[in-house]
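The structure appears right after this line, and notes come after that.
The values are calculated or read from the model by the stated rules, or taken from the named source; none is laboratory data. None of these values were measured; they are calculated from a predicted model. So basically every Cβ, Gly included, is an ideal-geometry build from the backbone, and we count neighbours across all protein chains shown.
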Amino acid sequence: MRNKILLDMAIYLGIPLLAWNFGRGHWGDYLTILLGMVPAVIYTTGTFIWKREWNITGIFFLSIISLNFLMNLLSHSAEQELWNSVWMGYLSIAFYSLTIFIKRPIGMYFFIDYAHAKGIPRENSKALYSAPAHFHYFVKFTLFLCLRELVVIVIKTVMIKRMGIEGFNAIQITSSVLNYIFTALMIIYIMYIIKQTKKTAAVHSTESGQ
């Protein structure tokens with residue numbers, strides 16, 4: 001787990017910062033940001049294929065980073081590339097909100113994929129998580145994802161407006177720190193959800209056996 005975190009930090013934060021600080025003078029601002037993102041796209045795609053993550057979670061995150069890279073590729077300036085991550089945040093919020101509106105919160109499907117990786121059939125976990133006693137946890141979890149995106153959007157917007165492209169290092173580091181803070185909070189809430197669903201499932205199992 002620790003090695004995975006360190007590897008992710010190196011790919012998603014370390015390489016873009018190294019590219020920016022040592023390659024900017026050679027390639028220019030726009031190309032440096034674009035090239036710094038290439039390893040992350042390759043790493044995400046490679047992980048997706050190698051681990052055979054043909055599920056909603058894997059497809060979702062691969063789509064996000066691929067779309068972000070495509071937007072950067074189509075941009076005309078380095079500052080526009082910075083703004084692209086803000087627009088991606090708004091797009092993520094819209095998508096999360098839509099899944100809640102149609103009563104298919106994406107957070108629930110993240111949990112279903114996780115349970116499947118642990119050997120639990122998707123239909124079993126979906127039936128458990130879709131039950132009225134549990135469903136609200138996944139709506140709240142998806143709302144939490146919206147909150148995370150919103151906080152990052154607000155802070156990043158302020159920083160881009162104040163510092164522009166010269167604030168690249170600070171913007172990248174701040175965004176990563178915020179994401180790790182929210183990830184830690186998310187893990188705590190995930191553990192709480194797992195505990196509550198197991199508890200409720202155990203109660204229902206006992207009642208059925210009586």
Task: Counted residues, the stretch 110-145 - those being over 23 Å from Phe95 (Cα atoms), of a type in the set (S, T, N, Q) and either in contact with a Ser or Thr (Cβ under 8 Å, 6 or more places away or on another chain) or touching a residue at least 40 places away in the same chain (Cβ under 8 Å) (or both) - done: 0
Task: Any pair with Cβ under 9 angstrom, 6 or more apart, that starts in the stretch 1-12 at a residue that is over 16 Å from Gly46 (Cα atoms) and free of Cβ contacts under 8 Å to residues at least 24 places away in the same chain and ends at one that is of a type in the set (Phe, Trp, Tyr) and assigned to a helix (DSSP H, G or I) - done: Ile5/Tyr180
Task: In the stretch 87-113, residue nearest to Lys156 (Cα to Cα) [restricted to those that are outside any helix (DSSP H, G or I) and not charged (D, E, K, R)] - done: Pro105
- [ ] Would you mind finding the one in Tyr137, Tyr109, Tyr129, Tyr114 that is under 27 Å from Ala40 (Cβ atoms) and buried (at least 19 other Cβ atoms within 10 Å of the Cβ)?
- [x] Tyr109
- [ ] Collect the residues in the stretch 114-151 that are outside any helix (DSSP H, G or I) and either closer than 25 Å to Ser85 by Cβ or not hydrophobic (A, V, I, L, M, F, W, C) (or both), keeping them in residue-number order.
- [x] Lys118, Gly119, Pro121
Open item on the list: Just to be sure I understand the filter: pairs with C-beta atoms under 8 Å, separated by 6 or more residues or on different chains, first member in the stretch 40-60 and over 24 Å from Ile15 (Cα atoms) and part of a helix (DSSP H, G or I), second member modelled with pLDDT of 80 or more and not aliphatic (A, V, I, L, M). Which pairs pass?
Closed with: Ile56/Tyr109; Ile56/Phe110; Ile56/Asp113; Thr57/Tyr109; Thr57/Phe110; Thr57/Asp113; Thr57/Tyr114
Open item on the list: Anything in the stretch 1-16 that is surrounded by fewer than 17 Cβ atoms within 10 Å (Cβ to Cβ), of a type in the set (A, V, I, L, M, F, W, C) and assigned to a helix (DSSP H, G or I)? List them, or say none.
Closed with: Ile5, Leu6, Leu7, Met9, Ala10
Open item on the list: Scan the stretch 91-105 and tell me whether some residue there is buried (at least 17 other Cβ atoms within 10 Å of the Cβ) and charged (D, E, K, R).
Closed with: no
TODO: Scan the stretch 155-189 for residues that are surrounded by 14 or more Cβ atoms within 10 Å (Cβ to Cβ) and more than 20 Å from Val86 (Cβ to Cβ) and jot them down.
DONE: Met186, Tyr189
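Rundown of residues vs (1) out of contact with any helix residue (DSSP H, G or I) (no Cβ under 9 Å at 6 or more places or on another chain); (2) of a type outside the set (Lys, Arg), yes/no style:
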| position | (1), (2) |
| --- | --- |
| Pro105 | no, yes |
| Lys126 | no, no |
| Phe135 | no, yes |
| Leu145 | no, yes |
| Arg162 | yes, no |
Open item on the list: Return the residues of the stretch 65-78 that are surrounded by fewer than 16 Cβ atoms within 10 Å (Cβ to Cβ) and in a helix (DSSP H, G or I); say none if nothing qualifies.
Closed with: Ser66, Leu67, Leu70, Leu73, Leu74
Task: Count - residues of the stretch 30-50 that are among the β-branched types (Val, Ile, Thr) and surrounded by 15 or more Cβ atoms within 10 Å (Cβ to Cβ) - done: 5
Open item on the list: Residues that are surrounded by 18 or more Cβ atoms within 10 Å (Cβ to Cβ), assigned to a helix (DSSP H, G or I) and more than 20 Å from the chain's Cα centre (by Cα): does the stretch 190-206 have at least one?
Closed with: yes
